[in-house]
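Report on the structure given below.
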Amino acid sequence: MAAKGPYYITTAIAYASGKPHIGNTYEIVLADAIARFKRQQGYDVFFQTGTDEHGIKIEEKAKAKGITPKQFVDDAYSEIRRIWDLMNTSYDKFIRTTDDYHEKQIQKIFKKLYDQGDIYKGSYEGMYCTPCESFWTASQLVDGKCPDCGRPVQPASEEAYFFKMSKYAPKLIQYIEDHPEFIQPPARKNEMINNFLKPGLQDLCVSRTSFTWGIPVTFDPGHVVYVWLDALLNYITGIGYDADGEHGDLYRSHWPADLHLIGKDIVRFHTIYWPIFLMALGEPLPRQVFGHPWLLVGDGKMSKSKGNTIYADTLVDMFGIDAVRYYMIHEMPFDNDGVFTWDTMVERYNSDLANTLGNLVKRTISMGNQYLGGVIEDRKAKEAVDDDLYEVVLGARAKVEEKMSTLHVADAVTDIFDLFKRCNKYIDETTPWILGKEEDKKDRLSTVLYNLCDSIVIGASLLMPYMPDTAKAILSQMNTEEADYDRLGDRGAFVSGTKVTEEPETLFERKKLEDVLKEVDKLYPAVKEEERDKAPKEDAGTIGHKPEITIDDFDRVELRIGVVKACEAVAKSKKLLCSQVDVGDKTLQIVSGIRKYYTPEEMVGKRVLVVTNLAPARLAGVESQGMLLCTEDKEGNYVLMTPEKDAPAGAEVC
């Protein structure tokens with residue numbers, strides 16, 4: 001395969017304040033799948049991730065534990081890297097912002113920006129949010145709290161250096177408008193321009209004197225470089241950027257980055273602050289920044305106080321690495337939050353992995369051994385159904401490539417599993433177990449099993465970036481190698497006459513939901529109400545306000561009055577109810593996690609507020625076509641939102 005040039009992919013660097021949960025881990029798995037796919041295509045990929053290790057929050061946590069900040073971040077770094085390695089991620093570099101070379105370059109960059117007049121000395125008086133490491137003016141606060149996370153802020157006043165953000169804002173606006181692909185998904189781009197850039201940027205505080213755990217400003221003792229200037233420039237220092245212009249070979253060959261992956265909650269910092277810093281340094285901007293959605297647990301964000309913080313190693317112990325990778329990738333829409341539930345995890349594991357994929361591979365190999373002694377030949381006994389199979393199989397590569405080119409990674413994986421589903425249908429259509437009973441059908445039987453093996457090898461090769469260990473296990477049982485990417489659109493990935501393994505392994509053992517839930521109950525005991533009430537706000541996930549939206553954004557959501565006509569418990573779930581809701585011109589089937597708070601009998605006849613234009617989703621195997629609006633009372637119980645008066649079904653909320 002001919003090389004296709006360099007490809008540089010980066011992720012947000014994990015804040016070294018504790019163990020990453022599965023929502024944090026999703027990003028590194030997503031990045032790894034993209035990096036592996038680009039390598040498969042023939043690109044010279046460099047994949048960088050790392051840890052953000054400075055700031056007052058680190059200093060305070062270290063003090064509380066009675067250790068130095070460096071000891072604290074060393075421990076956190078080890079744990080973060082352990083999780084990244086556990087998930088089989090193929091990063092090329094793991095940078096730490098405490099690395100000597102990074103710290104030296106940040107000091108040189110700070111001095112360079114100061115010398116050219118982009119940084120100036122002043123003083124700051126305002127409100128400071130420690131978890132977000134952000135200053136706010138009184139007018140920016142929401143109900144007296146941080147507008148980003150909703151947590152309390154503290155008054156702060158100190159001498160500081162500031163970066164002239166407003167100087168570069170017009171240039172950045174023009175760049176974003178000239179490069180519509182720069183910020184993805186498009187909704188994130190509109191939010192940055194309308195909510196932050198056009199209203200006007202304030203100059204950014206880039207040094208602190210109220211704590212010491214940071215990179216010292218070389219020409220002004222007592223000042224340390226503020227976290228955003230420090231952390232946001234790791235993506236260039238990590239590949240050899242030098243403030244004096246003596247860049248390394250890797251920087252010269254791979255910058256600008258082709259793709260920068262971050263969570264949607266930090267898009268502002270990475271699409272406004274970072275590009276402006278790069279502009280000030282005279283460096284090209286990354287080609288694309290993708291603000292991916294969140295992976296939520298059940299009906300909301302993970303919280304230690306709720307006992308629902310789930311870690312990747314816990315899931316791996318229960319389901320295996322590739323099953324967790326599959327769920328993370330497959331269950332995340334392009335621009336909407338994904339949801340993790342134990343019910344859905346078990347359903348996906350059994351349905352997609354054990355049945356669709358695992359059973360396909362095992363029974364194909366078993367039939368090859370039973371009827372053909374394990375030697376699978378293409379005897380050219382072709383029938384029309386074979387072309388139908390190969391139309392799907394040979395068309396899969398183009399579909400995957402198209403989806404990956406727009407970062408619709410979940411859809412790409414769905415296309416691969418559609419290939420495996422077509423193989424299962426082909427078995428039902430050709431009935432090899434019947435062909436095996438008739439001597440004059442042996443050529444046809446051999447051809448059928450060859451077509452299956454060939455299709456499975458193509459599918460496994462396409463699956464390699466997403467579930468690498470599983471793909472390797474399949475190819476090993478087929479006694480063949482990964483097919484070259486350029487040949488995945490052609491027949492013959494499996495060499496005729498190859499002998500498959502005699503004892504096929506079970507790739508995924510089916511699991512019983514009740515057994516899994518018993519383990520979950522041991523791992524995540526319910527948190528007592530009095531303990532939840534005492535939980536510190538940082539762990540409790542206090543209310544955070546979302547970014548401001550326009551009337552056009554709101555107008556996209558269709559809210560109507562609904563009347564529940566029927567309701568029943570979802571058989572495979574302890575949490576879900578399935579309601580049939582009359583919304584005027586149609587009846588929607590809506591699955592909601594409210595079984596703990598309402599019985600099916602209580603639901604019937606209720607008037608509820610319904611999101612009627614939500615994309616359908618499957619929960620515990622049942623399709624949900626909308627959403628019932630709820631809130632929480634002071635005891636943490638879910639409460640349905642209902643109209644004050646008996647408005648008719650279908651009445652629009654406006």
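Is it true that Ala493 is outside the structural domain of Asp582 (by TED's automatic domain parsing) and modelled with pLDDT of 90 or more? So Ala493 passes the test.
The residue list Ala323, Ala354 contains one member that is of a type in the set (Gly, Ala, Ser), in contact (Cβ under 8 Å) with a residue 24 or more places away in the chain and not assigned by TED's automatic domain parsing to the domain that holds Asp454, which is Ala323.
The one condition from (1) in contact with a Leu (Cβ under 8 Å, 6 or more places away or on another chain); (2) free of Cβ contacts under 8 Å to residues at least 60 places away in the same chain; (3) aromatic (Phe, Trp, Tyr) that Phe94 does not meet is (1). Note on region 323-353: among residues that are of a type in the set (A, V, I, L, M) and not in a helix (DSSP H, G or I), the one that is nearest to the chain's Cα centre (by Cα) is Met332. Restricted to region 157-194, and to residues there that are hydrophobic (A, V, I, L, M, F, W, C) and farther than 17 Å from His270 by Cα, the residue that is modelled with the highest pLDDT is Phe162. Can you say whether Pro170 is surrounded by fewer than 15 Cβ atoms within 10 Å (Cβ to Cβ), assigned to a loop (DSSP other than H, G, I, E, B) and without any contact (Cβ under 8 Å) to a residue 24 or more places away in the chain, as far as the supplied structure shows? It is false that Pro170 is surrounded by fewer than 15 Cβ atoms within 10 Å (Cβ to Cβ), assigned to a loop (DSSP other than H, G, I, E, B) and without any contact (Cβ under 8 Å) to a residue 24 or more places away in the chain.
With respect to Asp313, is the statement that it is surrounded by fewer than 22 Cβ atoms within 10 Å (Cβ to Cβ) and more than 15 Å from the chain's Cα centre (by Cα) true? Taking the combined requirement at face value, the residue satisfies it. Answer with yes or no whether Ala231 is surrounded by fewer than 20 Cβ atoms within 10 Å (Cβ to Cβ) and under 30 Å from the mean Cα position of the chain (by Cα). For Ala231, the condition - surrounded by fewer than 20 Cβ atoms within 10 Å (Cβ to Cβ) and under 30 Å from the mean Cα position of the chain (by Cα) - is not met.
In region 353-402, which residues are surrounded by fewer than 19 Cβ atoms within 10 Å (Cβ to Cβ) and within 30 Å of Val289 (Cβ to Cβ)? Once the filter is applied, which keeps residues that are surrounded by fewer than 19 Cβ atoms within 10 Å (Cβ to Cβ) and within 30 Å of Val289 (Cβ to Cβ), region 353-402 yields Ala398, Lys399, Glu401, Glu402.
Within region 195-211, restricting attention to residues that are assigned to a helix (DSSP H, G or I) and modelled with pLDDT under 90, the residue that is surrounded by the most Cβ atoms within 10 Å (Cβ to Cβ) is Phe196. For region 218-320, the helices (runs of 4 or more DSSP H) that sit wholly inside it and include 1 or more residues that are free of Cβ contacts under 8 Å to residues at least 12 places away in the same chain are 249-254, 312-319. Looking at Thr447, Thr430, which one is surrounded by 20 or more Cβ atoms within 10 Å (Cβ to Cβ) and free of Cβ contacts under 8 Å to residues at least 60 places away in the same chain? Just one listed residue meets the conditions, Thr430. Considering only residues that are surrounded by fewer than 17 Cβ atoms within 10 Å (Cβ to Cβ), part of a loop (DSSP other than H, G, I, E, B) and among the polar types (S, T, N, Q), look in region 101-152 and name the one that is modelled with the highest pLDDT. If we take residues in region 101-152 being surrounded by fewer than 17 Cβ atoms within 10 Å (Cβ to Cβ), part of a loop (DSSP other than H, G, I, E, B) and among the polar types (S, T, N, Q), then Gln116 is modelled with the highest pLDDT.
Restricting the first member to region 614-635 and to residues that are not assigned by TED's automatic domain parsing to the domain that holds Ala410 and of a type in the set (Ser, Thr, Tyr), and the second to residues that are modelled with pLDDT under 75 and surrounded by fewer than 19 Cβ atoms within 10 Å (Cβ to Cβ), the beta-carbon pairs closer than 9 Å and six or more apart or on different chains are Ser624/Arg618. Taken together, the criteria place Tyr161 among residues that are among the hydroxyl-bearing types (Ser, Thr, Tyr) and crowded, with 20+ Cβ neighbours inside 10 Å. Looking at Arg618, Arg607, can you tell me which residue is of a type in the set (D, E, K, R) and surrounded by 16 or more Cβ atoms within 10 Å (Cβ to Cβ)? When all the criteria are applied, what remains is Arg607. Checked against the criterion of being free of Cβ contacts under 8 Å to residues at least 40 places away in the same chain and part of a helix (DSSP H, G or I), region 366-387 has at least one qualifying residue. The residues of region 173-200 that are of a type in the set (Gly, Ala, Ser) and touching a residue at least 60 places away in the same chain (Cβ under 8 Å) amount to a single one, Ala187.
In region 366-389, which residues are touching a Gly at 6+ places or on another chain (Cβ under 8 Å) and among the charged types (D, E, K, R)? Glu377 - this is the single residue of region 366-389 that is touching a Gly at 6+ places or on another chain (Cβ under 8 Å) and among the charged types (D, E, K, R). With a requirement of 1 or more residues that are of a type in the set (Val, Ile, Thr) and under 27 Å from the mean Cα position of the chain (by Cα), the strands (runs of 3 or more DSSP E) lying completely within region 602-642 that satisfy it span 607-611, 622-624, 630-632. Screening region 453-489 for residues that are surrounded by fewer than 19 Cβ atoms within 10 Å (Cβ to Cβ) and in contact (Cβ under 8 Å) with a residue 24 or more places away in the chain and picking the one that is farthest from Glu401 (Cα to Cα) gives Ser476. Of all the numbered requirements in (1) of a type in the set (Lys, Arg); (2) closer than 20 Å to Trp228 by Cα; (3) buried (at least 18 other Cβ atoms within 10 Å of the Cβ), Lys189 misses one, and that requirement is (2).
The values are calculated or read from the model by the stated rules, or taken from the named source; none is laboratory data. Being a predicted model, the structure only gives us computed values, none of them experimental. Neighbour counts run over all protein chains shown; Cβ positions are idealised from the backbone, glycine included.
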